[in-house]
1. In whole Å, how far is the Cα centre of the range B:188-226 from that of the range B:43-96?
2. Shielding by partners for B:181-189, please: the mean number of other protein chain Cβ atoms within 10 Å of each residue's Cβ.
3. Given a 10 angstrom Cα cut-off, can you work out which residue in A:Gly140, A:Gly155, A:Gly15 is the most mobile in a GNM of chain A?
4. Quick one: ranking B:Thr146, B:Thr19, B:Thr302 by accessible area, 1.4 Å probe, largest first, what do you get?
5. Kindly state, to the nearest 0.05, the FRET efficiency for B:Leu304 paired with A:Ile115, given R0 = 51 Å and r defined as their beta-carbon distance.
6. Averaged over its residues, how many other protein chain Cβ atoms are within 10 Å of peptide B:208-215's Cβ atoms?
7. Considering only protein heavy atoms, with the full assembly of protein chains and a 1.4 angstrom probe, order B:Trp264, B:Trp326, B:Trp170, B:Trp88 by accessible area, largest first.
8. Looking only at the protein assembly as shown, where both bridge partners belong to it, what percent of the DSSP beta bridges are antiparallel (to the nearest 5)?
Amino acid sequence: MKILEVSKLTKSFGGVTAVNDMNFSVNSGEIIAVIGPNGAGKTTLFNLITCIYPPTSGSILFKQKEIRGLTADQIAHLGISRTFQNLQIFNNMSVLENVMVGRHTKSKTGLLGAIFPLPAVQREEEAIVQSSLEKLALVGLADKALEAASNLPYGEQKMLEIARAVAMEPELLLLDEPAAGLNPTETRDLVEIIYKLRDQGITILLVEHDMETVMEIADRIVVLNFGNKLAEGTPYEIQNNREVIAAYLGEEGLSC
Amino acid sequence: MQDLTRRKRFRHLFILLFTILIFALPLVLNNNYYLSVLVIIGIHSIVVIGLCLLMGYAGQISLGHAGFYGLGAYTSGIITSTYHTSPWVAMLVGAIGTGIVAYTIGIPIFKLKEHYLALATLGLGLIIHIIFVEEVALTGGPSGLTRPIPYLSIGGLELSNDFKYYYLVWLITLLAVIIANNVVHSRVGRALRSIHGSEFAARSLGVDIGKFKLRVFTLSAIYASIAGSLYAHYITFISPSPFGLMTSIQFVVMAVVGGLSSIWGPVFGVAGITVLTEALKTVVPQLIPEAGGEYEIVVYGTILVVIMIFLPEGLISGLANLYEGWRHRKGQADENS
């Protein structure tokens, strides 16, 4: 089943076309990697799928439903979650509280309930704490739950963002350069976590520059260049695609 | 989780200690002047607690809260003096009315951010103040409401002296603290703080940031309105001057001095600034006999700048952090020796 279908998607910023007439789809349960040189339009694509800004033209179907015109928070309620290339940790909160915000769409206490915390509200709060701790355990941060999020080292902050994003139990998870800045051990842990998430039934779409990781975990790869889709295929197909090699290494790369 | 329960218990213990302090204070300080200062501190604390929910937790600013404070005061004053209804009913009408005004005006205003939002709320405060001054038939204009405003009473007991009023005001302040504490440690409070932390991330997690900004703005306006009603029935006379821009700035300074991201900060901030203002009222005329009220602006400005530079988290958390830092350095020095 196709969980995400992007067709004829275009986004222009003034005279610059960041994403041009893009078509691709993601099947449920897949791990899809989007790669491409800097400025290829990868993050723009993510921002379009999560409705940070509207596309100039084209359509995005999530579970056969058009999501164009929705707001970023409505997208989350539909079951799409994401992490960010530049960390967007809530520095004013503890590690646990960061993940607890991730349970926002799965809980419903409003202002009145918050003012008068009746037993039902307290039960919901306990459930939020429990499931948030489980997500922290998944990424190996359970013992740091009560620390200030801003005190975590970079690698752990990246893991925290993943825990926070999966706390809402999304169907589609978008990871924007999850391995960037991680050391080899942390990258191994990340790969394990991504496999665990896939086994839980979460479809994963990721942007990544670390080719070794991409080739290992992706079922399929979409290659972008200057806003256009250059190629799409299995890691093997992509590795042997002349156009892709040209885009990455330059034309001369082909001659040797 | 054990640590989590311990933290919650600690917060409850703090509220309990605060309650005991409130009840004990008038027994020690039973001098009418001190009591009247404490009543004003309590009333202003209610406004500033609401403002801290907006500023410290949601990260939004308002330079117009004196307007909401005034709306509460004038609604109470006009309704009780003209229609002789119960002050409690008037207070409720004021709170609901102010809430509706804040919500309605908040819809367009919260499309703005930061400096623009500050200017919009400043404009809002000024407009409300101008209405108090110009609508002479309704508000009595610049000279104030001439009809007498009654005292508040509970079951026939008229709260006509400072001692009785002190307990009422601080009971409501305590309630304001408890409600704010509940809100902060809830799903709503986390959503508000997430907006402050990163609007991007908050939205990606499903937080409708416009809705939450609007709600906390409305809640803080209702806090201000209730405080205004309490003020009207305490002084029993109101004129536009205490509800102007200067008061709005004063509230912001109190909030910043106390520490924005704290429920207890506001009470200390208000107490600090109020005591300082009262002290200056006696000291300044002796030093500079021809000084007018404008020196307050200079003092507030200086305090704001000093706090922002040296204790950006406010007096309470700032001092706590300084102490932690000192202990940390001392610990390291001990290890080295």
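1. Their Cα centres are 20 Å away from one another.
2. Per residue, the average neighbour count from other chains is 6.
3. A:Gly15
4. On the way: B:Thr146 120, B:Thr19 35, B:Thr302 75 Å².
The most accessible residue leads, giving B:Thr146, B:Thr302, B:Thr19.
5. 0.95
6. Working: counts 7, 3, 2, 2, 1, 0, 0, 3.
Mean partner-chain Cβ count within 10 Å for B:208-215: 2.
7. Largest accessible area first, the list is B:Trp326, B:Trp88, B:Trp264, B:Trp170.
8. 60 percent
The values are calculated or read from the model by the stated rules, or taken from the named source; none is laboratory data. This structure is a prediction, so every number in the text was calculated from the model and none was measured. Every residue, glycine as well, gets a Cβ built from its backbone with ideal geometry; the counts of neighbours run over all protein chains shown. To get the accessible areas, we keep the full protein, side chains included, count just its heavy atoms, and leave off ligands, DNA and RNA. Shrake-Rupley method; radii C 1.70, N 1.55, O 1.52, S 1.80 Å.
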